[in-house]
Every structure is written in structure tokens, then in C-alpha cells.
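Presented below is the structure to which this report refers.
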Amino acid sequence: MNALLKYAIRNFFIMTFGMFIVTIFGDYIIDGDVKLLPTFIKALFFGGFMTTFFTLMQKYGLKEAGVTEIKDEDLKAYCESETETSATPDQIVNILKNNKDFKMVESHPNRNSILLKAGISLQSWGEKIEIENIGLENNRYTYIVKSRPLIWSTIADFGKNKKNVDKIISLINV
């Protein structure tokens, strides 16, 4: 089954069921009267609309991030990639301190990691980014760059985490 179709089906069930439960609960609290069929129909329309919107936006965001063939791992609101560079952890900290897209949170020399945050945008409520030094061989450092949403329940990141990882990799591979 196509990855985008699986993503849409999963989102449809999440959105429809979530809307159904919230509406039933709200109707019961406010009116004390629950009408299952009209509520279910409203939830189906809501689920269909939101699924269409999120799926199209996710597809567009990933295409904009350079993904040509969408796979299951591309549709997760998380991105991780490994890179090799001659830049030392201190050099990376200096490069990122001067970058306006990311805010330095902390650097852990003893844990071999650098923590960053990306701010709120139209695509997300922000991301937390970690650059982890996993090795040094022949004066080349190997890093894993990870980006994930600040809000754990994020369903769609519209390619934002991939863009963060790609941007950091391009900055440290100078």
C-alpha cells in the first residue's frame, strides 16, 4: 500500500474518532443530550476534511524539502540523519551560535551532544534538535543530527524536521 495512503487512512481514523469523542463529551456536558448519528456524520466530515488538508500539506512540505519518493519514514514527525565532517564540536557550536534559525540551548562536551531549538513557524510549534558526536576517525567527526517537534502529539510536520536536519548538515559540512 502506498505510504501516503496509509498515512491518510491513519489520520482519518485519528481525526474522526477524536472529533466524535470530543463532541459526544461536549454534548453530554452542555446539553445532557447525546445524538450519536448526527455526531458521527459530523465527525466523518471533519475527519475527511482534516485528513485531506494534512495529507496534502504533508506531501507539499516533503516535496519542498526535496523528497521525491515519499516513504513511511518520511511521514513521521521526526527526522534523523548521519553526516561526517572535519568540523569539531566547538566549531559547530560557534557556527550555530551565529545562525538566526536555531537557538542554542546547551552544549554537553562530556555527553558529546549539542541541543538546539527551532522557533515557532506556520509549519510547527517549534522543534528540538540534537547533534550527537558518535565518532572520530582520521580527523573526521561523525554526527547524528535529530530533529523532532516540541509537542509530542504532532501528527504532521510538513517536512519541517527534514528541513532542519538538512540545514544543519549543510552548515556543519563547510
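If you go through segment 17-42 and keep only what is touching a Phe, Trp or Tyr at 6+ places or on another chain (Cβ under 7 Å) and in a helix (DSSP H, G or I), you end up with 19, 20, 39, 40. Among the residues of segment 157-174, the ones that are among the hydrophobic types (A, V, I, L, M, F, W, C), under 28 Å from residue 11 (Cα atoms) and part of a helix (DSSP H, G or I) come to 1 in all. When residue 142 is tested against (1) surrounded by fewer than 18 Cβ atoms within 10 Å (Cβ to Cβ); (2) of a type outside the set (A, V, I, L, M, F, W, C); (3) touching a residue at least 60 places away in the same chain (Cβ under 8 Å); (4) more than 20 Å from residue 91 (Cβ to Cβ), just one condition goes unmet, and that condition is (4).
Only residues that are aliphatic (A, V, I, L, M) and closer than 20 Å to residue 75 by Cβ were counted across segment 116-174, and they come to 9. Criterion applied to 76, 71, 100, 117 was being surrounded by 12 or more Cβ atoms within 10 Å (Cβ to Cβ), over 13 Å from residue 165 (Cα atoms), within 20 Å of the chain's Cα centre (by Cα) and not polar (S, T, N, Q), and the one residue passing it is 76. Just so you know, in segment 102-122 the residues that are among the aliphatic types (A, V, I, L, M) and not in a loop (DSSP other than H, G, I, E, B) include one that is farthest from residue 133 (Cα to Cα), and it is 118.
Looking across segment 71-88, the residues that are part of a loop (DSSP other than H, G, I, E, B) and either among the hydroxyl-bearing types (Ser, Thr, Tyr) or at pLDDT 95 or above (or both) come down to 78, 86, 88. Summed over segment 29-62, the residues that are among the charged types (D, E, K, R) and free of Cβ contacts under 8 Å to residues at least 12 places away in the same chain give a count of 3.
The values are calculated or read from the model by the stated rules, or taken from the named source; none is laboratory data. Remember, it's a predicted structure, so these values are computed and weren't measured experimentally. Glycine also receives a Cβ, built like all others from the backbone with ideal geometry; neighbour counts cover every protein chain displayed.
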